[in-house]
Structures are given as structure tokens and as C-alpha cells.
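Everything below concerns the one structure shown next.
The values are calculated or read from the model by the stated rules, or taken from the named source; none is laboratory data. No experiment lies behind these values; they were computed from the predicted model shown. In this analysis, Cβ positions are derived from the backbone assuming ideal geometry, glycine residues included, and neighbour counts consider all displayed protein chains. The protein model used for the area step is the full one, side chains on, heavy atoms only, and it has no ligands, DNA or RNA in it. Shrake-Rupley method; radii C 1.70, N 1.55, O 1.52, S 1.80 Å.
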Amino acid sequence: MGSPGESAPHGVRDAAEFVAAMRELKARSGLTYRQLEERAAARGDVLARSTLADALRHDTLPRVETLTAFLRACGEEDHAGAWLEARKRLCVADAAPPGGPDRQRPSRWRARSFRGATAAAVAVLLAAGGLAGARYFDSREPDGASAGGEMKRCRNGACKGKDPQEFQCLGDAEVASAVKSAEGLIHLYYSADCQALWAGIGSAADKVVSVYVKSGEGDALSLKRDRLLRDPAGPGSARTPMLPSKGLPRHAEVCVTYPGMEACTGSDGMSRVKPYPSAS
């Protein structure tokens, strides 16, 4: 492998150059996609090779979780800060509208959620465990194409009950909140492009009794385990269909009930894990 840090994305100007730096890092590592997947798994991360191949094939910024798992697999933990800062800089530049000093400021919630995701990623890299595996469900090749070859897309009300992956809502997905229980991680995700939110269950989906998701705008979804969307990205992971949410989901939340326990998390900062009576 090349010397660590030699492929750090110093001075990259856009997403295309950032991904090019990732491709260079992979080339320098001398590792195949399969080997990177195996190295990630050995470190407690999930990095499906189809996910990585897709990320390196497109000139768009990868998700924080995908990037951090990739860096760890390449042995770039010590230089993760440079990569994450570069990604953050490009995200902010991309989100900012054109104009002068009076241009609109980016959403405070989006900035907060990005900082939270970045902080969590750094914690994963430094702790080499803990929240390792907190990621989004993107291991499959995106297949959201209709019979006519057009990509399936939805927005707001049209997304209700739809699969966020099938309808191309993963690209800008933000972690609105998360909670960790004895059964694993639960995330509440939000896509500004699709104006929709959904819940992700990182593991032990086979133990779920029910899931309740509310958008904060009056919409709610209550599911039994058999109605969850199985996620092939990792063992036991799943997600819910989407709920419409036009803007900042201030009071959105998800609660997952397991035998004897309930774990909840909300976009207002609420997070709790408590005993839950099992049906006798």
C-alpha cells in the first residue's frame, strides 16, 4: 500500500475530484472490492462491495458512513479528519444558493444533522467499535427504474408508503436522530429532496414486534415486523416505508418495540430505551 495520507483530498474543488481521490486511495491500497468488504467486516463495519463500487462509479459525495467504513478498511483512520472536513466543505458549498452576502443560509437542522453525523463517524473511527455499523441501507445497486427505463422518483405525498431506495431518496438522506439499544441501532432518516422520512433498524429486525413512525405533520405509520422492508445491506437490518414531511421534521419520531423493550428516538432530541411489557 502507499503511504497513509498521500491520497487525502487536500484542495479538492468538487464532488468529482473528491471521488477521484477515493479511487486513487483504493488503487494505492492494492485491495479488491471483496478484500475491502472483508477488512471492513473484520473491523465491525459494513461495507458491501456493491455499495463501494457504486460510490466510486458516480461523481457524487458518498455518505459519511460509507466513507468512514472505506477509510478504515484502507487503513486511513489517522487521516479521516481531512476527508470528513473536505466532504463537509463540499456539502456546504453545494447546498449554498448562488448570490452575494444576502443569500439564504443553509437550514440549521441540516447543518446540525451533518455535524452530528460527522461527529458520530469520527467517534466510530476513533473508538473502532461502539457505533460501528451505523450506516444507511445502500448495498444494492439502485434499481429504481420503471419498465420504460425511467428512474422512479417521488416527492412529499407521492412518497407515502414507498421504499426510499426504490424511489431514489437515499442521495441526500440525513440522520435526523438515532438511538442505540441492546438490540442495535435505530435511525430516523430525512430526505429534503423527496420531502419524506423513514426509519432504519440496523440489526435484529427479526426480533421486532412493531414499529411506529410519525412525521410531526399529522402522518403516522404503524407496522408489524412482516411489513418492514428487508435490507440486504447487513444481517437483520430493515427499514420502513416513507412518510411525507415537507420541511424540517421538528417533532418526528420512531419507536421500535421488541419483546420486553421499547426504543424511541425523535428529531427534537428525544431518545429513550425502556422496558415494555411482553404479551403473556
Within the range 62-74, identify whether any single residue is open to solvent by less than 60 Å² (accessible area, probe 1.4 Å), within 26 Å of C159 (Cα to Cα), at pLDDT below 85 and charged (D, E, K, R), and answer yes or no. no
Between a first residue in the range 203-223 that is of a type outside the set (V, I, T) and a second residue that is open to solvent by 50 Å² or more (accessible area, probe 1.4 Å) and in a loop (DSSP other than H, G, I, E, B), which pairs have beta carbons less than 6 Å apart while being 6 or more apart in sequence or on different chains? G216/R250; G216/H251
Restricting attention to the range 22-44, does a residue exist that is closer than 20 Å to Q165 by Cβ, in contact (Cβ under 8 Å) with a residue 12 or more places away in the chain, small (G, A, S) and not in a loop (DSSP other than H, G, I, E, B)? no
Tell me, yes or no, whether the range 33-42 has at least one residue that is crowded, with 19+ Cβ neighbours inside 10 Å and under 23 Å from V175 (Cα atoms). yes
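Yes or no, residue by residue, for (1) closer than 30 Å to R39 by Cβ; (2) among the β-branched types (V, I, T); (3) open to solvent by 100 Å² or more (accessible area, probe 1.4 Å); (4) modelled with pLDDT of 55 or more:
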position	(1), (2), (3), (4)
D78	yes, no, yes, yes
E85	yes, no, yes, yes
K88	yes, no, no, yes
V92	no, yes, no, yes
G99	no, no, no, no
D102	no, no, yes, no
S107	no, no, no, no
A111	no, no, no, no
Quick one: is R57 at pLDDT below 90, under 25 Å from E174 (Cβ atoms) and open to solvent by 50 Å² or more (accessible area, probe 1.4 Å)? yes
